[in-house]
Structures are given as C-alpha cells and as structure tokens.
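The block underneath contains the structure these notes are about, expressed in structure tokens.
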Amino acid sequence: MYDLALKNGFIVNENEIYLGNIYIQDEKIVEISLADKPANEVYDVSGKYLLPGCIDTHCHFRDPGATAKEDFTTGTQAAIAGGVTTVFDMPNTNPSVLNEQDLLQKANYFAPKAFADYGIWGLSLGEINLGDLPRLCEAGASAVKFFWGYAINAKTKALIYNYNPKDEDIIPPLGDGEVYEIFEQMAKTGKIIAIHAENIELIQTLTKRLQQSGKKDYEALIQSRPALAEALTIQTASLLAKATGARLHILHLTSKMGMEAVAQAKANGVNITAETCPQYLFLSAKDYDSVGPMMKVYPVIKHEEDRLALWQGLKNGTIDFIASDHAPHIISEKQGDLFSIPAGMCGVETMLPLMLNEVNNGHITLPFLVKVMAKNVADIYNLPNKGNLEIGKDADIVVVDMNKVDTIENEKLHSKQPLTAFAGRKIKGWPIKTFLRGQLVVDNNKICQDKACGKWIK
Ligand code: DOR
Ligand code: ZN
C-alpha cells in the first residue's frame, strides 16, 4: 500500500499537462497512472492542477543576525504557504557564510527551523575569503554570491548598503582586478558565481549630481541607479567569466539594457544565466504613486519599457528563471525618505499566485510557469530530485485551484514583517495545498505541521 495518493489531478510539467493519479512512497513519487490504487492517505484533487513545488533560490531570511525582520522558521513557512518547497538562503546574514565552518554551522542551525528544503549560499568578500571558496563549495554551498559594488564593514564584515566613501572602518567596493581573482577561483570549483550587478562608480557620480539638484522623487532614485549601471557590470562580468571560465549568474535583472547585455553574452558563448523577480515583472516607476516607498529595492524597479522587455526576455529564454529576492525589513523602516530607507521587500509567498494570475490572463501557460519557477532552476543548480513531477523525484507537490479568486493582503502573509507591494491585487489562481516530500505541510493557507521537516540540500 502506498503512503499517499493524489487522484484525478491535472499533472503539470514543463511541456505537458495530463490527467492522472500520483502515488507516493517514502517521500518519492513512485507511480503516475490512471490506475485506481489504495493508499494510506488519499486526496481527490479533481479539477485541480498539480505542480512541482517551486524553487526560490533568492531569499534573504535574515537569520542569524536580523531576526526582527524575518527568521528561518517564518521565512520558510511563508515559502511553503506560497507553494515554494525549496529555498536558497542568501548569505548576507550575521555571521555570514564565508567558509566551510560557517556553512556547516548554518546548516545545523537551520535544521530545527526549516519548513522547506533549503540550500545555502556562500558569500565572497574578495581577498578576505578567497582561499576558502573551494572548500566552501565542496562542503555543499549551493553557489557563491558576490555583491558587486558594495562596501564591507571592516570589523563585522557586514555589507554596507548605502556606501559613503567618508565612512570609517570600511573596506571599499572591490576593483575589477580583485573580482578577476574571485572569478578565477570560482572557475576551479565549477560552481556558480552569482552577482549583484550594479556599477558603484557610476552610481556615486550620479547620486552626487542628484543630491546637488535637490531632487528626491522616485524618478531621481532611478536616475541615481540607472539601467546603465546594471549593463556596465554585466558586460564586465561577462568578459571576466569568458576569460576565467567561471560559471556566471546574474541576479535580479531589472532593465532592458541589462537584458540585452545578457543576450549578447549568451550569443558570445559566455557561460551565463540570469533571473528576474516578480517586482520587476509586475511593477514599474508609474506604480510608485500608489505603492509608495515599500517598493524600494536594489537594483531599483525601473520603467514600463524595462518591465515589458523583461517579460519578453523571460519568454524567449534570455532570462532563465524567476526568484523572489525576498528581503524583508521592519515595517516602520520602510517609511520615510526614499534615499535613506533600506531596500528590499517580501516576495516568497506572493510569487506563485502572481504568476498563476498571469496564466489566467492568457499571458503565459502553466507548463511555462513550471519551467521558469521549478524545472530550469533545478537544472541550473543541479537539484536532480526537484523540478518536475516524475517517478523517482521528491514528492514536492503544489495543488492549485485555478478558479479561486482572492486578494493579496498583508494580514494573510506568514512573514514576520508582513508587508507586500502587491497588497490589494486581486488574483485568480491560488495554491491550496502544499506537500513537501509527501507530507501535507500547508492546507488552505494554514501551516499544518508543527515540526520543521525541511532538509538541507547540499
Ligand atoms: O533590495 C535589496 N535588498 N537588494 C539587495 O541587494 C540586498 C537586499 C537586502 O538584503 O536587504
Ligand atoms: Zn537579494
């Protein structure tokens, strides 16, 4: 007798939708057929769609270090509530993940808190941990991130978000020579070096100019951190990746110009992939008047023509997948002067509903959604048990009701600081049940396990 059966659902993979029953044994999918077989736990999901659990490789869960903003429990609960069964935790925590020891410590620390399966990012700070990168990768870091253009606090090694060259005790942003060495080192590991792509020199020049002009509106923020800053860094990174043989990934792509730089690099044979995020696909500068400062993220959300170009790039494969860049802050911190407040927003829980709504709008198909939210991600980060609903894979399954209509609201989120730029959006198409390796973990937006059962994916 099987452990679990999901019967009469429409099974969705990256290039198919078909009717069937999924049978699960020991956390794995063991049979998919039309045969009616018994199981200890049976769900009739007639009329519903079964999707592979989404994979969100870009989550800042703030734990340890800034747990007033989020922690690994609330963050992973938000994930599974949103149909995301695998997350990768970003390394700008305190302590950060600079070497093998940090990695193993974080993996242990997360184990009793994890409601989703998890990967852990390593962080590159240049010379400080250059020699540690190979061991960090071997020990199981999912990939290594480099915040290009960020300064580092010399004492705590924390990243400095709003860099001022006059600040004391800082390690200034790295130069291209130092970045070259990071890429060289990462090439040896074969693992992905992912970058935050913004050129700090251009940003500093333009920020100074804007401060003199006294302009402080959203358009000024874009002008201080324009698409050119993104494209310049992507071009430099592409050349460095080609020269060193590093495997490059561009995080949170925001602009038409940046996307063209990625397309160019792909055409030139650079080993490069790219992601974008819901905030760049669903918001643009014209939304600032209604959404307000909570939509400040870095790199900043740009113009409508960028938003449309990103959709085009996602559809034609220039952009490989989407990720949330879930980066919560304290709700009160997100009010105030646009240039001083922190950048970042919640996103892990609303990403799938937003995309399901696009399916209902006729803009994309369900198989395409699965491709850019699960299958491509599993392929790129080498997660052989994740990404599609097939025999032998982990039974990470999201049951979706394509006819359910509901509104995104802050109060419904599971994050510790529930604040979303998408509040008030009416969505048709919602996840109604989430299974993590064959266990029902969310039922109608309620977390139904009290014990953490997520596992580290090395
Ligand atoms: O908006 C952002 N928030 N961009 C980043 O690069 C960092 C992130 C954070 O950690 O808050
Ligand atoms: Zn991020």
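Of all the numbered requirements in (1) touching a residue at least 60 places away in the same chain (Cβ under 8 Å); (2) in a loop (DSSP other than H, G, I, E, B); (3) away from ligand 1 (no atom under 16 Å from the Cβ); (4) farther than 23 Å from residue 335 by Cβ, residue 240 misses one, and that requirement is (2). For segment 74-94, enumerate the residues that are free of Cβ contacts under 8 Å to residues at least 40 places away in the same chain and over 25 Å from residue 253 (Cα atoms). None; the set is empty.
Among the residues of segment 281-295, is any outside any helix (DSSP H, G or I), open to solvent by 20 Å² or more (accessible area, probe 1.4 Å) and in contact (Cβ under 8 Å) with a residue 24 or more places away in the chain? The answer is no; no qualifying residue exists. Can you find even one residue in segment 66-73 that is free of Cβ contacts under 8 Å to residues at least 40 places away in the same chain and surrounded by 23 or more Cβ atoms within 10 Å (Cβ to Cβ)? Looking through segment 66-73, none of the residues is free of Cβ contacts under 8 Å to residues at least 40 places away in the same chain and surrounded by 23 or more Cβ atoms within 10 Å (Cβ to Cβ). Residues in segment 445-457 that are open to solvent by 70 Å² or more (accessible area, probe 1.4 Å), more than 21 Å from residue 411 (Cα to Cα) and modelled with pLDDT of 95 or more: 455 alone.
Yes or no, residue by residue, for (1) over 30 Å from residue 359 (Cβ atoms); (2) assigned to a helix (DSSP H, G or I):
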site	(1), (2)
46	no, no
62	yes, no
65	yes, no
87	no, no
94	yes, no
102	yes, yes
115	no, no
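Among the residues of segment 48-79, those identified as over 19 Å from residue 108 (Cα atoms) and either away from ligand 2 (no atom under 16 Å from the Cβ) or among the charged types (D, E, K, R) (or both) are 48, 49, 50, 51, 52, 53, 54, 56, 68, 69.
For residue 323, indicate whether it is open to solvent by less than 10 Å² (accessible area, probe 1.4 Å) and within 16 Å of ligand 2 (Cβ to nearest atom). So residue 323 fits the description; yes. Checked against (1) out of contact with any Lys or Arg (no Cβ under 8 Å at 6 or more places or on another chain); (2) assigned to a strand (DSSP E or B); (3) open to solvent by 50 Å² or more (accessible area, probe 1.4 Å), residue 37 passes all but a single condition, namely (2). Residues that are farther than 19 Å from residue 223 by Cβ and either among the aromatic types (Phe, Trp, Tyr) or part of a strand (DSSP E or B) (or both) within segment 162-209 comprise 170, 171, 180, 183, 192, 193, 194, 195, 196, listed in sequence order. Within segment 133-171, being out of contact with any helix residue (DSSP H, G or I) (no Cβ under 7 Å at 6 or more places or on another chain), among the aliphatic types (A, V, I, L, M) and open to solvent by 10 Å² or more (accessible area, probe 1.4 Å) holds for 154, 158, 159, 160, 170, 171.
One residue stands out among those in segment 326-341 that are open to solvent by 30 Å² or more (accessible area, probe 1.4 Å) and touching a residue at least 60 places away in the same chain (Cβ under 8 Å): the one that is nearest to ligand 1 (Cβ to nearest atom), which is 330.
Here is a yes/no grid of residues against (1) hydroxyl-bearing (Ser, Thr, Tyr); (2) modelled with pLDDT under 95; (3) in contact with a Gly (Cβ under 9 Å, 6 or more places away or on another chain):
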residue: 341; (1), (2), (3): no, yes, no
residue: 345; (1), (2), (3): no, no, no
residue: 383; (1), (2), (3): no, no, yes
residue: 415; (1), (2), (3): yes, no, yes
residue: 427; (1), (2), (3): no, no, no
residue: 443; (1), (2), (3): no, no, no
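Note on segment 38-70: residues that are touching a His at 6+ places or on another chain (Cβ under 8 Å) and hydrophobic (A, V, I, L, M, F, W, C) total 2.
The values are calculated or read from the model by the stated rules, or taken from the named source; none is laboratory data. Note that this is a predicted model, so its numbers are computed, not measured. Note that each Cβ is placed from the backbone with ideal geometry, even for glycine, and that neighbours are counted across all protein chains shown. These area figures cover heavy atoms from the full protein model, side chains too; ligands, DNA and RNA do not enter into them. Shrake-Rupley method; radii C 1.70, N 1.55, O 1.52, S 1.80 Å.
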